[in-house]
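Before any comments, here is the structure.
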Amino acid sequence: MPLPSIALIGATGAVGRECLSILEQRAFRHGPIKLLASSRSAGSTVPYRGEQIAVEELGPRSFEGVNLAFFAAGSDTAKSFAPIAVRAGATVIDKSSAHRADANCPLVIPEINPEALAPLRSAPGIAAVPNCSTIILLVPINPLRKAFGIERIVVSTYQAA
């Protein structure tokens, strides 16, 4: 089976660079990679696996030949381009808030509910990623939930404006 071709949208931002770092640290096996960003970043390069990868401008034709698209950009970008990526045949992992409340998009924390990704194995679609505070909270609480049946948690977060 050929390795997936991937695209990273928002490659020059903080979240995009962290995504690249994680792909590199975990030695994620993949075929060609496209780094996509706004016109301001197009033409710049980003280090990845010992190389400098050129950043391309995100556009409607950016997803041709892409199997897996990581969206590390804002929700407006994800709302506009994630459906285009899916129509082109890519499975989308969206880190923005754009699809978190969409009943057709599984909300996934791999350490907690990886089975929610099952429908995306047979057809391209969009998987949403919860807010960072939610992930950090639920990963350690999930074993407690399983052991003791926690049904509800009330949490307040105070994030910088």
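The values are calculated or read from the model by the stated rules, or taken from the named source; none is laboratory data. Being a predicted model, the structure only gives us computed values, none of them experimental. Because the Cβ atoms are built from the backbone with ideal geometry, glycine has one as well, and the counts that use them run over all protein chains shown. Calculation scope for accessible area: heavy atoms of the full protein, side chains included, ligands and nucleic acids excluded. Shrake-Rupley method; radii C 1.70, N 1.55, O 1.52, S 1.80 Å.
Give region 63-84 a look and list any residue that's within 18 Å of Ser38 (Cα to Cα) and buried (at least 20 other Cβ atoms within 10 Å of the Cβ), or say none.
Across region 63-84, the qualifying residues are Phe63, Ala69, Phe70, Phe71, Ala72, Ala73, Thr77, Ala78, Phe81, Ala82.
Just a yes or no: is a residue in region 3-20 in a loop (DSSP other than H, G, I, E, B) and open to solvent by 50 Å² or more (accessible area, probe 1.4 Å)?
Step one: filter region 3-20 for residues in a loop (DSSP other than H, G, I, E, B), giving 3-5, 10-13.
In the following step, the residues that additionally are open to solvent by 50 Å² or more (accessible area, probe 1.4 Å) were identified as 3.
Yes: region 3-20 contains one or more residues that are in a loop (DSSP other than H, G, I, E, B) and open to solvent by 50 Å² or more (accessible area, probe 1.4 Å).
Taking the options Thr77, Thr134, Thr157, name whichever one is at pLDDT 95 or above and hydroxyl-bearing (Ser, Thr, Tyr).
Just a single option satisfies the conditions, and that option is Thr77.
Evaluate the following for Asn113: is it over 15 Å from Asp94 (Cβ atoms) and touching a residue at least 24 places away in the same chain (Cβ under 8 Å)?
Judged against the criteria, Asn113 is not a match.
If you check Arg49, Arg87, which single one turns out to be touching a helix residue (DSSP H, G or I) at 6+ places or on another chain (Cβ under 8 Å), of a type in the set (D, E, K, R) and loosely packed, with under 15 Cβ neighbours inside 10 Å? Before the answer, list the steps.
On the way: Arg87 fails: touching a helix residue (DSSP H, G or I) at 6+ places or on another chain (Cβ under 8 Å).
Just one listed residue meets the conditions, Arg49.
Looking only at residues that are over 16 Å from the mean Cα position of the chain (by Cα) and surrounded by 11 or more Cβ atoms within 10 Å (Cβ to Cβ) in region 111-132, which one is nearest to Val86 (Cα to Cα)?
Once the filter is applied, the top-ranked residue is Pro119.
Among the residues of region 133-161 satisfying the criterion of being over 22 Å from the mean Cα position of the chain (by Cα) and among the β-branched types (Val, Ile, Thr), which is surrounded by the most Cβ atoms within 10 Å (Cβ to Cβ)?
Out of the qualifying residues, it is Ile141.
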